[in-house]
Amino acid sequence: MPLLSVQDLVTEFHGPSGAVRAVDRVNFDIQPGEIFGIVGESGCGKSATCRSILRLFGGANARVAGGRIMFDDRTDLASLPERDLGKIRGNEIAFIFQDPLTALNPTMRIGRQIGEVIENHAKVSRREARERVLGLMRDVHITSPERRLDAYPHELSGGLRQRVMIAMALALQPRLIIADEPTTALDVTVQDQILRLLLDRRDKMGTAIIMVTHDIGVISEICDRVAVMYAGRIVETGAVDDVLDRAQHPYTKSLLAALPSLAQQGKPLIPIEGSPPNLLAPPPGCRFAPRCTAAHGNCSQDPAPVLMHRRGTASGHADACILER
């Protein structure tokens, strides 16, 4: 039984020019203890998909316009009242934001911010909360936690701020963590430490993780399965090795071809020509067709192609390309 099942999710952002469907009929399941990656270029709908799960939009111009988000096969988060959803946020599903400097309160000390998460959901004294905060800071390998407890966010490095965000996410031992580009702007050494930390939590606590990133290297390093998104839709999904080694959708192939490798050392990278579509007026059919070198007339016809298993590929590996079906 999936821990989380996203079914035909539609999310819209409303602005002066009209409604933008940033997430368009997205489907995926997360199993307990699984690390599931969502990858794609900027603006493809990765973060919007994950923010939709807990309705963390930060404004009144966004809404979940369709679909279901089943948590533990008992609760549809998409239709859950805000008050009830607030009990699940942090407690059963935690969110690690992309930029900890803006996600953390700049006027509050680190220890107080982590402590508030505990105090808001657990009946403990402030002293008990402080001891648990110190334990969490040690768990995420923050050095000298007693001293850093009273530091403000701007006094910490980017890597330490991200560790604080992870400590907040782990404070109530959630069953699912959504990590939205948690290693962006970190150097490769700190990035590796953060990824190891998340893997350690999964291995020790059985926590499921959704890893959102544009970095295929991160996906290959820690994820079990992956979904590739383009223009608000999932175009390919499956086990990481199957998708990265035997990609089927032209967009996935193009992403992989644009990566530097030792085999192509000294050769120019192969860029994806063109730009992603305007989601105020997306093209009919396959949204990648205008940029796809293999596209033909049928690719630009409605209805849009759906994810299907292709003969000869591994079980669970599906793509949304009509070519060679």
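Expected output is a single nm value to one decimal: the length gained when fully extending between GLN31 and HIS309, i.e. 0.36 nm times separation in residues minus the C-alpha distance. What is it?
Fully extending the segment from GLN31 to HIS309 adds 98.1 nm.
Suppose R0 equals 25 Å; then what is the FRET efficiency for LEU199 and MET1 from their Cβ-Cβ distance, rounded to the nearest 0.05?
Efficiency, from the Cβ-Cβ distance: 0.60.
Go ahead and run the numbers for FRET between GLU131 and THR107, Cβ-Cβ distance against an R0 of 22 Å, rounding to 0.05.
Calculated value: 0.40.
In debye to the nearest 20, how big a dipole does the range 226-323 give about its Cα centre with +1 on each Lys and Arg Cβ and -1 on each Asp and Glu Cβ?
For this selection, approximately 120 debye.
So if I place +1 on the C-beta of Lys and Arg and -1 on the C-beta of Asp and Glu, and nothing else carries charge, what would the dipole magnitude of the chain be about its Cα centre? I want it in debye, nearest 20.
Working: 38 positive and 38 negative charges, 110 e Å.
Magnitude of the dipole: close to 540 debye.
Multiply the residue separation of GLN265 and SER220 by 0.36 nm, subtract the distance between their alpha-carbon atoms, and state the gained length in nm to one decimal.
Separation in residues times 0.36 nm, less the Cα-Cα distance, equals 14.2 nm.
When the Cα centres of the range 163-202 and the range 28-91 are compared, how far apart do they sit, in Å?
Measuring centre to centre over Cα atoms gives 18 Å.
What's the ranking of 116-129, 267-280, 247-260 by average number of surrounding C-beta atoms within 10 Å, highest first?
So the order, starting with the most tightly packed, is 247-260, 116-129, 267-280.
What's the extension gain from ASP99 to ASN278 if we count 0.36 nm per residue and subtract their Cα-Cα distance?
Gain on extension, ASP99 to ASN278, equals 61.9 nm.
Above 19 Å lies some portion of the pair distances; for the range 200-325, what is it as a whole percent of all C-alpha pairs?
Considering the range 200-325, 54 percent of its Cα-Cα pairs are separated by more than 19 Å.
Any read-out appearing in this document is the output of simple, stated calculations on the displayed coordinates, not a laboratory observation. Values in this document were obtained by computation on a predicted structure and should not be read as measured data. Counting neighbours? That spans all protein chains shown, and the Cβs are built from the backbone with ideal geometry, glycine included.
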